[in-house]
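Undergrad: Please find one structure pasted underneath; my questions will follow.
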Amino acid sequence: MIRSLLFVPGNNPAMLQNADIHSADALILDLEDAVAIKEKDSARRLVRRAIKALDFAGITLVIRINPAGSPYLEDDLQAMVPLAPSYLMPTKVSGAEDIRALSARMAELEAQNGLEAGSVGLIPLIETALGVENAFHIAGSDPRVRGLFLGAEDLTSDLGAARSKAGQEIFYARGRMVMAAKACGIPVFDTPFTDVEDQEGLEIDAAFAKSLGFDGKAAISPRHVGVINQVFSPKLEEIAYAREVMAAIKEAEAAGLGAVSLRGKMIDKPIVDRARRLLLAAEQLGLGGQDE
């Protein structure tokens, strides 16, 4: 389960060395926007050394690579695929064809390096108007696609809109991304909140993203990780209620009843499914959510 994804510039040795101390569920080691053109090669080498030398046990590794058509993409793939990170994050993805071409090249590199086909997944970064409109096709384009990620900064630039804390300008894109991902049965991750100092604003923004159906949220600052993890973790009262739901359903089944009421509300399949998902998430996070 990934609640928080922390961006780490691939050309910053100190940040790479300390990336595992911030309690992020996933690290996005960045070879794209955070790295100047003249530093692309050195960033690639640093990230390779970090993956080989440092202990990232229990942390999901995501490598943000340069976009299709970039002169740096092939070098990114040749350097990163053999290391078998959990995911690559292709950028500026605009359609399913981008993913299919990338997946085919990754399959060649996996075979050349003795890796099982499909061992490296993809989380496409969607950050253009065309990408948002094609989100469903991107999500379902290839078995490697195991999540979607919304990039609001480039998207709002593409839209000609001003980026705001309130986020009205990305409301449609957020909904479209969630629908596409859920329709394809994969998680979806929200764009970072870019004001490093505004913890209250971050919590409001993360809670709104969660209410829309996002599974987690990215961060550009380690200071944001704790808030994101808290927002996207089941609350104790939610776990307690989910257990009540499951207990009530078991009692109803034992009594041969087709419907049951809990706290004055009828418990139907969507509520049961929601309770089951929440308990599973709680169990994965070590919060004692297992239905006992």
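The values are calculated or read from the model by the stated rules, or taken from the named source; none is laboratory data. All values derive from a computational prediction rather than experimental measurement. All Cβ positions, even for glycine, are placed from backbone atoms using ideal geometry, and neighbour counts span all protein chains on display.
Undergrad: Out of contact with any Pro (no Cβ under 9 Å at 6 or more places or on another chain), assigned to a helix (DSSP H, G or I) and crowded, with 16+ Cβ neighbours inside 10 Å: which single residue out of E203, E244, E237 fits that description?
TA: Result of the check over E203, E244, E237: E203.
Undergrad: What are the residues in the range 80-101 that are aliphatic (A, V, I, L, M) and either within 15 Å of L27 (Cα to Cα) or surrounded by fewer than 21 Cβ atoms within 10 Å (Cβ to Cβ) (or both), if any?
TA: The answer is M80, L83, A84, L88, M89, A96, A101.
Undergrad: Please specify each residue of the range 84-118 satisfying the condition of being among the β-branched types (V, I, T), in contact with a helix residue (DSSP H, G or I) (Cβ under 7 Å, 6 or more places away or on another chain) and either in a loop (DSSP other than H, G, I, E, B) or farther than 20 Å from I186 by Cβ (or both).
TA: V93
Undergrad: Could you check G256 against (1) over 20 Å from the mean Cα position of the chain (by Cα); (2) among the small types (G, A, S); (3) within 25 Å of R64 (Cβ to Cβ); (4) assigned to a loop (DSSP other than H, G, I, E, B) and say which number it fails?
TA: That leaves (3) as the condition not met.
Undergrad: Now, a different point. I'd like to check something: does the range 217-227 contain any residue that is surrounded by 14 or more Cβ atoms within 10 Å (Cβ to Cβ), part of a helix (DSSP H, G or I) and hydroxyl-bearing (S, T, Y)?
TA: No: zero hits.
Undergrad: Scan the range 55-66 for residues that are assigned to a loop (DSSP other than H, G, I, E, B), touching a strand residue (DSSP E or B) at 6+ places or on another chain (Cβ under 9 Å) and crowded, with 20+ Cβ neighbours inside 10 Å and jot them down.
TA: The one that is assigned to a loop (DSSP other than H, G, I, E, B), touching a strand residue (DSSP E or B) at 6+ places or on another chain (Cβ under 9 Å) and crowded, with 20+ Cβ neighbours inside 10 Å: I65.
Undergrad: Would you call Y172 aromatic (F, W, Y), over 13 Å from the mean Cα position of the chain (by Cα) and at pLDDT below 95?
TA: no
Undergrad: How many residues does the range 23-54 contain that are buried (at least 20 other Cβ atoms within 10 Å of the Cβ) and under 30 Å from L278 (Cβ atoms)?
TA: 4
Undergrad: Out of A135, A117, A101, A84, which single residue is more than 20 Å from A219 (Cβ to Cβ), among the aliphatic types (A, V, I, L, M) and within 17 Å of the chain's Cα centre (by Cα)?
TA: From the options A135, A117, A101, A84, the qualifying one is A135.
Undergrad: State whether the residues of the range 32-41 include one that is assigned by TED's automatic domain parsing to the domain that holds M89, among the small types (G, A, S), part of a helix (DSSP H, G or I) and more than 29 Å from A281 (Cβ to Cβ).
TA: No, that holds for no residue.
Rundown of residues vs (1) closer than 19 Å to V225 by Cβ; (2) in contact with an Asp or Glu (Cβ under 6 Å, 6 or more places away or on another chain), yes/no style:
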site: S4; (1), (2): yes, yes
site: I21; (1), (2): yes, no
site: L27; (1), (2): yes, no
site: L31; (1), (2): no, yes
site: V35; (1), (2): no, no
site: L46; (1), (2): no, no
site: A68; (1), (2): no, yes
site: D75; (1), (2): no, no
site: P82; (1), (2): no, no
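Undergrad: Take the conditions β-branched (V, I, T), surrounded by fewer than 23 Cβ atoms within 10 Å (Cβ to Cβ), over 27 Å from R105 (Cβ atoms) and out of contact with any helix residue (DSSP H, G or I) (no Cβ under 7 Å at 6 or more places or on another chain) and apply them to T156. Does it pass?
TA: Considered against the rule, which asks whether it is β-branched (V, I, T), surrounded by fewer than 23 Cβ atoms within 10 Å (Cβ to Cβ), over 27 Å from R105 (Cβ atoms) and out of contact with any helix residue (DSSP H, G or I) (no Cβ under 7 Å at 6 or more places or on another chain), T156 comes out as no.
Undergrad: Could you check the range 206-216 and list, in sequence order, the residues that are in contact (Cβ under 8 Å) with a residue 40 or more places away in the chain and either assigned to a helix (DSSP H, G or I) or not assigned by TED's automatic domain parsing to the domain that holds G175 (or both)?
TA: Result: F208, single match.
Undergrad: Can you pull out every residue in the range 1-18 that is within 16 Å of A53 (Cα to Cα) and of a type in the set (K, R)?
TA: Matches in the range 1-18: none.
Undergrad: Take the range 159-181 and flag every residue that is buried (at least 16 other Cβ atoms within 10 Å of the Cβ) and either aliphatic (A, V, I, L, M) or closer than 23 Å to S233 by Cβ (or both).
TA: If the condition is that a residue be buried (at least 16 other Cβ atoms within 10 Å of the Cβ) and either aliphatic (A, V, I, L, M) or closer than 23 Å to S233 by Cβ (or both), then L159, G167, I170, A173, R174, M177, V178, M179, A180, A181 are the ones that fit.
Undergrad: Show the residue pairs meeting these rules: Cβ distance below 7 Å; 6+ apart or different chains; first residue within the range 161-184 and in contact (Cβ under 8 Å) with a residue 12 or more places away in the chain and under 14 Å from F149 (Cβ atoms); second residue of a type in the set (A, V, I, L, M, F, W, C) and in a loop (DSSP other than H, G, I, E, B).
TA: Qualifying pairs under 7 Å: V178/F214.
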